[in-house]
Structures are given as C-alpha cells and as structure tokens.
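Engineer: Once you've had a glance at the structure underneath, I'll fire off some questions.
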Amino acid sequence: MTNFGFFRVAAAVPAVRVADVAANVREICRMTAAAEEEKASAVLFPELAVTGYTCGDLFGQQLLIDAAEAGIRKILEFTRGKSVTVIAGAPVRFRGRLYNCAIVLRNGNIKGIVPKIWLPEYNEFYEGRWFSSGRDFLSPHTDITGRFLANGKDTVREGWCAEIEYAGFRCNISPDIIFTVGKVSFGIEICEDLWSPVPPSSHLALAGAQLIFNPSASNDVFAKHTYRKSLVCQQSARCVCGYVYCSSGFGESTQDLVYGGAAMIAENGALTAENERFRTSSSIIFADIDIERLDTLRQKMSTFAAVAPDGTPYTAYDRLYSRVGLGKEAPTDFSGKLYRHIDPHPFVPAGDNEEMDSRCREILSIQVTGLASRLAHINCKSAVIGISGGLDSTLALLVTVLAFDKLGWDRSRIIGITMPGYGTTGRTHGNAVKLMSALGVSCREIPISAACDLHFRDIGHDKAVHDVTYENSQARERTQILMDVANQTGGIVIGTGDLSELALGWATYNGDHISMYGVNASIPKTLVKHLVRWAAYNRFDKGAVSGSEAREILLDIIDTPISPELLPADDGGNISQKTEDIVGPYELHDFFLYHLFRSGYSPAKILFLASRAFGDTYGKEEIRKWLKVFMRRFFSQQFKRSCLPDGPKVGSVSLSPRGDWRMPSDAKPELFLSEI
C-alpha cells in the first residue's frame, strides 16, 4: 500500500456539557471511533474538551480535576488496539499548580502532556485565575526561545521535561515535545499560543515538526473568524507545515460569550478543510496533508534552512525538544477516498468572480510592467510581433498594446506582421488581420511560401517531403523576417512562446524559440486561454481600452484549435495539424509540469493525482501515455531552455535558466520513465 506521502488528520468538535465529564468522554470516544473508521492517523479535540472550557471557578474543585483524570483514563482505554492518535484537552494538576493541557493518547497509553504557554488575561478571559503557564516547564535558566540566560551568554540548551504521574502512567509534561507517527513529526500549541507575537509553533517547525495541532476555545464575535482563519493559514505558510485547528462549540456556557466550534485544517497557506460553525451537534472534518510536498518546499526554501533570527543554526533547535515516538501511521488506503481537492488546472486562478478578476488583473499587470520597463529602458522605437491568429501571439499582442498605453506611446509603433505560409488557414489569417486593425496597431503581411520554396531549392530539399526540415524552415523564416523588420524600425521582437511549449520543447530552435523579450515565458497554455478570455471581457470590449469591437475576434481565437500551421490545410481549408493530437492535451502537461516543478513529485505520484483530477475525462492509461511523452520531451529539450531570451516571471513555476530551473541538458529520463 502506497501512501504517496499523505497523512490523514481529523479535527473533531464535540457538543459538550459543561462540567459533565462522563458525557464529554462518551462523545470524545464516539468521535474517536469515527476517526478510526476513516483511517485518520491523528484526531484533535478542543481545548479542555474533557471538562468544557467555560467551567470558571469550578476548576478550583478537586472533584472536577479528579473526574477529568478519570475521564482521560477511560479515553486511553478506548484507544487500546486502535491506530489513531488522540489529542484531547484537560486540566492537569502538578506540584500544586493547575495547567491547561493537551494530552496525547495512543493505543492505551499517555505519550505526553503539553501545557499551554500563553494564558489570556484580558477582558472576558482570565485563565491566570485558574491556570499556570507552561513556561514553568522550561529550564529556569532559559527564556521562551530556549536560550541560556546565565552568565550573559546565549547558548542553546538541551531538551528539558518534567515527569508526571497521571491517569496511571508516567510521562513527560512540557511544551517542548515533538511527537512522531511513522515518518511524520508534530507539535502542539494551544489556543492563545497562536495569537502571540512568536507562536511556539514557529520553533516547533524549526525543530522538524511538519504538523501543528492547536486545541482551542475561541469565542465568536463579529468578523473574528476571518482573522482567526488568516492566522491559521498564515502560520501554516510561514512554518511550511500542516496546521490543524479545533475550537470549542455548542454546549459551552453562553453566559457572556458564544462558541461557534470552528475547525479548520490548512497546508502551507491554503485552507484544505473547514467545518460549518454554530452547529447544535458534533462535527468532524478530515484532510490528507501532503507531508512529502511540505518537506520538498522546506528543502527549496533557503530561508527555512538557514539560521534563526537570533543567529542560532536551525539544526541546534533539535536539541531543544524531547522526542516521543508513537508508532506507525494508520493503514490508510489513499487510492480510495482522498480528503483532498486535486485541482486539475493549478495554474488557472480560482475563486469567486472578484478574486479571479483581481488575479487576472495582477498577472497581466506583471507582464505589462515587465515589457513597459524594458521598452522604456532601451528607448525602443517599435515593437515587432508575429501575429498568427493563435492564442500565444494574441496574448503577446494584448500585453504589448497595454504596455504602450501604459507608457503613453502611440499604438501605431507596434508592428504586427502576419506571415501566411503553407498551412495558414483563412480563419487564423482573417482573425490576425482583424485583430490588428481593431487594436489600432500597424499591420504588415509578408507571405513566406516563395522564400521557403527558394530555400528548399538552395539546400536541396524536396518540398513534397513534409518532415521536420519542411516545418522548421518556415518557423525560422518567420523569425528572420521579424528580426530584420525590428532592425529596420529600431525595435525589438516580442516573443510569443509560452511556458507549456518551453516545458515540452515545442518550439523551433532559433525559430519561434528566439526573441528579444518573451512576455509569455511564464504563462502556461491553460492560463493563456484564460487570460485572453478575461481580457476580451474586461480590457478589449466595446468602450474599453481598445474602443472597438475586439471581443468577438478574441473569443473566436480562443475557440480555434491550437496549431503551428506548418502543414498544409485539409481539403476543406481547415487546420490539419493539431498540436494536442501530437504532444497530448495541454491541460495534462500543465498539471504534470506544476507538480514536477513546484512539489517535486515522483512520476508515480503525478500519475496517481492526475488520475484523480482527470478521471472523468481521461483514462489512467491515456494519462500514463502522455506522462511518458512529457517526461521524454522535458528531459530531451532542456537545451532549448538553457538559452532563453529575457521574460517576466509571473507565477511560482518558471523555467528560466538564470535562476528558476537549472538542469543539465544531458540528464537522462530513464529513472523517471521507469517509475511510470
């Protein structure tokens, strides 16, 4: 059974009865059984879930404290023989002080107790009235960051824990414990800890915790949840970790406050699961955290692996924490149900209309600003673009028009050139000419067939042989025309090739592979189509920037099959050479590229995820076929990426050889192909 680096977690919000430990324990056990049934490796319950958070001065009653300990004993007995780790909140008395703790239970054992460090002592909260801070368990010669204060020297201390006899077990009690399940390490911080200037989870992550669990009791007031959610997501991003948050819900006292029972699970800044608040019954959510991806991202992030803010090497943090092994992960079959959304189009902006509008606007702004800066820097007199009537050249033209508008330059200085050849169809040629006219740029038409005929005679190539020489000669002839016109007019050639073509090497070397500035170099094909559609409705519609009817032309370009048009049209005058029939669907290749580059996934994992994301569209064997094509081409075509022209980086995936992707052109694909 392959888990592909996933780790299933659960956040359970039980309906509580304040001070009714027996009822609370029954509900915790019931929800633990539900987590075990779903093969979760860990389940988190809210802060002080065993007693209820709002007991107030009842926490001073010995009867309640004893009942809580007896309740923990029942829960741990319930966990015997189970593979799920339970994290439950309870008050723990130790050496005459009471602590607000998270207790880690596994297979009939208490594995450790983590006390809360930061206690709220303001407004309606005053935990200091009942509880002591977990900082009591730090060495008396260290501060909260774990540095020696004695003798005026900052020296990293060794891990330090107190031992406690609790519920019939001896275990460690300390905030400085990292627990390990299989190959996954997690730490715990409690409620207010997250709201502190430097949350304990920051240090736990530096010490190797890939997951953070936060049992909480956060009341709900207007707009607080939005901020709370942002805290969880931001901390998971800052720590490059999974973050499981679970807060008290229905049944807590509403004497002065209301507890909505918020539960959420985030991974590296993105919310992967969230419950419905203000329920009158218990709720539980699950998520499959991609631990493998988190490890890869941490490895790539140099700031994560460098040094701590105080200059302490991160490796020294390992000595600050005690390590407790909990056993193996739950035997989860991730090939079945997967508690994780797999986005089939990871490059395409998602969200509501307002969010998508904002993201498309920003992407275009990056492209436009990059080009405008380059044009102004060299005091360029013109911009030359080959306009084919296809998607890529259309987006490049739109970006160039917006750049000229931004600079206040006349659009007539943009020279669009359509260069019909052997395979040019009436549809693409017509759209190219109409689009240039609608946008008010200078339009030139330079046919290439005669020049290519002469070239074939010069090199002794039979024009009837439609091989790679036949095709690439046309691409290079077009590039020569563009370069020479740019020289004539004191301009630069604007590249039109996109990120997907660069990944596949689907470009003619020293043909469309070359330009003076490639505005689409960081835009994959799936995003090109999306941006052109957005621009059609938001930038180049009637009364917009162009002041003309350009939208219908752009929409027809979007609906035109993707083709280099290097082979003659069919008998009906239609495109005969369709790129996706040759190299495969671009939506698959963009998916492969994203997860190979961004997440460092193996081909087997990419195949697994693609089968989940595209299962209704492509069969697994078809996906496998195109994944093999992608891997072969990605490796064999690196030499084209090693000498790319300048171009603006737009997203987190870029193949620029000057920083983002440095791969030897001679690397062999056999290791990757064999896993497919």
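The values are calculated or read from the model by the stated rules, or taken from the named source; none is laboratory data. The structure presented is a predicted model; accordingly, all values stated were derived computationally and were not measured. Because the Cβ atoms are built from the backbone with ideal geometry, glycine has one as well, and the counts that use them run over all protein chains shown.
Engineer: Mind checking whether some residue in segment 249-264 is assigned to a helix (DSSP H, G or I), without any contact (Cβ under 8 Å) to a residue 60 or more places away in the chain and either closer than 18 Å to residue 100 by Cα or small (Gly, Ala, Ser) (or both)?
Structural biologist: no
Engineer: So, in segment 337-386, exactly how many residues are within 22 Å of residue 513 (Cβ to Cβ) and of a type in the set (Val, Ile, Thr)?
Structural biologist: Of the residues in segment 337-386, 3 are within 22 Å of residue 513 (Cβ to Cβ) and of a type in the set (Val, Ile, Thr).
Engineer: A further question on this structure: Take residue 106 and tell me if it is basic (Lys, Arg), on the phi < 0 side of the Ramachandran plot and surrounded by fewer than 20 Cβ atoms within 10 Å (Cβ to Cβ).
Structural biologist: Considered against the rule, which asks whether it is basic (Lys, Arg), on the phi < 0 side of the Ramachandran plot and surrounded by fewer than 20 Cβ atoms within 10 Å (Cβ to Cβ), residue 106 comes out as no.
Engineer: Specify which of the listed residues (633, 624) is more than 20 Å from residue 507 (Cβ to Cβ) and out of contact with any Pro (no Cβ under 8 Å at 6 or more places or on another chain).
Structural biologist: Just a single option satisfies the conditions, and that option is 624.
Engineer: Specify which of the listed residues (100, 123) is in the same structural domain as residue 249 (by TED's automatic domain parsing), under 21 Å from residue 261 (Cα atoms), modelled with pLDDT under 95 and out of contact with any helix residue (DSSP H, G or I) (no Cβ under 6 Å at 6 or more places or on another chain).
Structural biologist: After ruling out the rest, the residue left standing is 123.
Engineer: Now a separate question. Among the residues of segment 147-168, which ones are modelled with pLDDT of 60 or more and surrounded by fewer than 18 Cβ atoms within 10 Å (Cβ to Cβ)?
Structural biologist: Those that are modelled with pLDDT of 60 or more and surrounded by fewer than 18 Cβ atoms within 10 Å (Cβ to Cβ): 162, 163, 165, 168.
Engineer: All but one of (1) of a type outside the set (Asp, Glu); (2) modelled with pLDDT of 95 or more; (3) part of a loop (DSSP other than H, G, I, E, B); (4) more than 30 Å from residue 241 (Cα to Cα) hold for residue 648; state the number of the condition that does not hold.
Structural biologist: Every condition holds for residue 648 apart from (4).
Engineer: Continuing with this model, one more query. Among the numbered criteria (1) modelled with pLDDT under 95; (2) closer than 30 Å to residue 534 by Cα; (3) of a type in the set (A, V, I, L, M, F, W, C); (4) not in a loop (DSSP other than H, G, I, E, B), which single criterion is violated by residue 350?
Structural biologist: Here residue 350 meets the rest and fails (4).
Engineer: While we're here: Out of the residues in segment 292-311 meeting the condition of being closer than 21 Å to residue 601 by Cβ and hydrophobic (A, V, I, L, M, F, W, C), tell me which one is modelled with the lowest pLDDT.
Structural biologist: 305
Engineer: A further question on this structure: Take residues that are among the small types (Gly, Ala, Ser), surrounded by 22 or more Cβ atoms within 10 Å (Cβ to Cβ) and in contact (Cβ under 8 Å) with a residue 12 or more places away in the chain and tell me which of the strands (runs of 3 or more DSSP E) falling wholly in segment 374-486 contain 2 or more.
Structural biologist: 382-386
Engineer: Of all residues in segment 640-666, count the ones that are without any contact (Cβ under 8 Å) to a residue 60 or more places away in the chain and more than 27 Å from the chain's Cα centre (by Cα).
Structural biologist: 3
This table checks each residue for (1) closer than 19 Å to residue 400 by Cβ; (2) touching a strand residue (DSSP E or B) at 6+ places or on another chain (Cβ under 8 Å); (3) at pLDDT 95 or above.
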position: 448; (1), (2), (3): no, no, yes
position: 458; (1), (2), (3): no, no, yes
position: 496; (1), (2), (3): yes, yes, yes
position: 499; (1), (2), (3): yes, no, yes
position: 520; (1), (2), (3): yes, yes, yes
position: 548; (1), (2), (3): yes, no, no
position: 558; (1), (2), (3): yes, no, no
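Engineer: Could you list all residues from segment 164-223 that are under 25 Å from residue 71 (Cα atoms), without any contact (Cβ under 8 Å) to a residue 60 or more places away in the chain and part of a loop (DSSP other than H, G, I, E, B)?
Structural biologist: 218
Engineer: Quick check, is residue 64 more than 38 Å from the chain's Cα centre (by Cα) and over 18 Å from residue 8 (Cα atoms)?
Structural biologist: yes
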